[in-house]
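Below is one structure, written out as structure tokens; the observations come after it.
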Amino acid sequence: MTEYTLDTAVGVIACELPGAAELFRQHEIGFCCGGDVPLAQAAADAGIEAADLLDRLQALELAARREAPDATGELIAHILERYHQTHRTDLEWLIPLAQKVEHVHGAHRSAPLGLADALAELKDHLLPHMAREELALFPMMRHEPDPDIRHLIAGMRDDHACESRSLAVIEHLTHGFTLPDGACRSWTALYVGVQKFCDDLVTHMHLENSVLFPRFAGIDAFEGSALSPAARSAG
């Protein structure tokens, strides 16, 4: 389990832990601009008990792990079906919808100017990342991992860090997915869709970083293709 403490920055937690962003929004804790604030300070600023907030975050962590299949092969299949294809489908309609909303409502003070570009940039980064998992990393995990798997996983973690920064930008551009009074249906659909996409991506990255990748941490240049007991369940 990821060890979050009262010293962990809220921006890090929001982009790594499924459900944390919504919990922070409920308590009006900002985590995009100024996301480097420690959890303890953020809780104090919001007038809530820091220990209670940390307990709720730890409960979210446990809940997220329970949603994942136990066997490695089943977990990979779940990630592919539930997240990879869903991300591709969502981005195909979210980007043009964001372009439409920016064009029609660009003069509005709450318009999410730059959102379409932010989503397009994330797409350009995310699609090759998922392809590398599908073509190289996941087949290796399912069959005969070799020493290169540790380098592949390190690269995937770096990609996730970049994607997390993109999520923080999207949160900022949408003002925490806050719709202005009288927002049209297109604007409403955009924010509902983008928030769902962001929540999915956080859960996807969490399952890989905290559940799947650690199963292969013991493979090194001297072990060759020897699998850990967890990895052997891939078949």
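Please treat every number below as a calculation from the coordinates, not as lab data. Source: prediction; values computed, not measured. Neighbour counts run over all protein chains shown; Cβ positions are idealised from the backbone, glycine included.
Observations on the structure shown:
- Counting beta carbons within 10 Å around each of Thr203, Thr178 and listing the fewest first gives the order Thr178, Thr203.
- Sorted by Cβ neighbour density within 10 Å, fewest at the top, the residues Leu190, Leu122, Leu97, Leu6: Leu6, Leu97, Leu122, Leu190
- Extending 7 Å from the Cα toward the beta-carbon at both Trp93 and Asp181 defines two label points whose distance is 3.1 nm.
- Whole-Hz Karplus values for the stretch 164-179 come out as 5, 5, 5, 4, 5, 5, 5, 4, 5, 5, 9, 6, x, 6, 8, 7 Hz, taken residue by residue from phi with 6.51 cos²θ - 1.76 cosθ + 1.60 and θ = phi - 60°; glycine and proline positions read x.
- On the basis of the beta-carbon distance and an R0 of 41 Å, Glu28 and Ala77 show a calculated FRET efficiency of 0.60.
- Sequence of Val104, Val194, Val37 once ranked by neighbouring C-beta atoms within 10 Å, starting from the fewest: Val104, Val37, Val194
- Relative contact order [Cα under 8 Å, 6+ residues apart], the stretch 72-232, whole percent: 33
- Residue among Val211, Gly73, Ala120 farthest towards the positive dipole end of the stretch 66-221, charges placed on Cβ: Ala120
- Surrounding net charge for Met140, when Lys and Arg each add one and Asp and Glu each subtract one, Cβ distance under 12 Å: -2
- Whether the chain is rounded, prolate or oblate, judged on the alpha carbon gyration tensor where a/c under 1.5 counts as rounded: oblate
- Spin-label model, Asp52/Cys162: points 7 Å from Cα along the beta carbon direction are separated by 4.1 nm.
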